[in-house]
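The values are calculated or read from the model by the stated rules, or taken from the named source; none is laboratory data. This one's a predicted model, so the numbers in the text were calculated from it and none came from an experiment. Neighbour counts run over all protein chains shown; Cβ positions are idealised from the backbone, glycine included. We work out accessible area using only protein heavy atoms, side chains counted, and drop any ligands, DNA or RNA first. Shrake-Rupley method; radii C 1.70, N 1.55, O 1.52, S 1.80 Å.
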Amino acid sequence: MKFAVLVFPGSNCDIDCYKAVEETIGQTVDYVWHTATDLSAYDCIIVPGGFSYGDYLRCGAISRFAPVMNEVAKAAEQGKYIIGICNGFQILTEAGLLPGALLRNEGMKFICHDAVLKVENNNTPFTREYEAGEEIVIPIAHGEGNYYCDEETLAEITENNQIVFTYKNNHNGSLNNIAGVSNKAGNVVGMMPHPERAVNEVLGTTDGKRMFTSILNAWRDQHDAASIR
């Protein structure tokens, strides 16, 4: 399996994501610059956290126009796995690949600490190794993580089981405590917490490790089934 970690001007969690893939599942992983125009070689695309383009205008508002995002959209349509973490989540919502938007935190301050999440949907390629309803500890670090969508969208994502994670305690004012969502197909997920910072005991929690093993095993199962056909 081959992973791409996108890099925008201002990304700062790209190395964390690269190391998480390398150390947790030992798969091939490349840094891919935002000007790239071909992602066909990759099975999973990680849109990492940071402050792309300095968060000017609005978080992710400039990055969503980078050439590589056209390729991310194509990959999403092809069913490839895409995960946006923190600023990556913001970019995916700005690009229209995920529903909703991320607003300034309710307290208007940057927050950085561990958060307890509830796994709402364990039927995605990213969460299959968690139990439904399981509580996990994943760090958060953001100033604009307040998830919002209109009533119609909320009803739709609730009905379609697109709410993937919620906060046990609402740290940023997110609607219905939402911490992460997916697209309808389930192959694109965005979340504000940082699973790549929760893969080693030295970091205080290893609860993010199963996200990476979930991705790998989902891909293997998918390709095993394809080879049988």
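Annotations for the structure displayed:
- Looking across region 151-169, the residues that are under 16 Å from G190 (Cβ atoms) and of a type in the set (S, T, N, Q) come down to T153, N160, N161, Q162, T166.
- Selected residue (criterion: farthest from the chain's Cα centre (by Cα)) from residues of region 43-60 that are of a type outside the set (F, W, Y) and more than 27 Å from I215 (Cβ to Cβ): L57
- The condition of being outside any strand (DSSP E or B) and aliphatic (A, V, I, L, M) holds for only one of A132, A141, A179, that being A132.
- Test result for N70, assigned to a loop (DSSP other than H, G, I, E, B) and either out of contact with any Leu (no Cβ under 6 Å at 6 or more places or on another chain) or open to solvent by less than 40 Å² (accessible area, probe 1.4 Å) (or both): no
- Unique match (being farther than 13 Å from A115 by Cα, of a type outside the set (K, R), in contact (Cβ under 8 Å) with a residue 60 or more places away in the chain and touching a strand residue (DSSP E or B) at 6+ places or on another chain (Cβ under 7 Å)) among V189, V164: V189
- Close pairs from region 111-132: first under 15 Å from P193 (Cα atoms), partner among the aromatic types (F, W, Y) and open to solvent by less than 10 Å² (accessible area, probe 1.4 Å), Cβ under 7 Å, at least 6 apart: A115/Y167; L117/F165; L117/Y167; K118/F165; V119/Y130; V119/F165; E120/F165
- Sole residue being modelled with pLDDT under 95 and either out of contact with any strand residue (DSSP E or B) (no Cβ under 6 Å at 6 or more places or on another chain) or crowded, with 16+ Cβ neighbours inside 10 Å (or both), chosen from G96, G107: G107
- Where a residue in region 144-161 is at positive phi and its partner, wherever it lies, is among the acidic types (D, E), with Cβ under 9 Å and at least six apart: N161/E120
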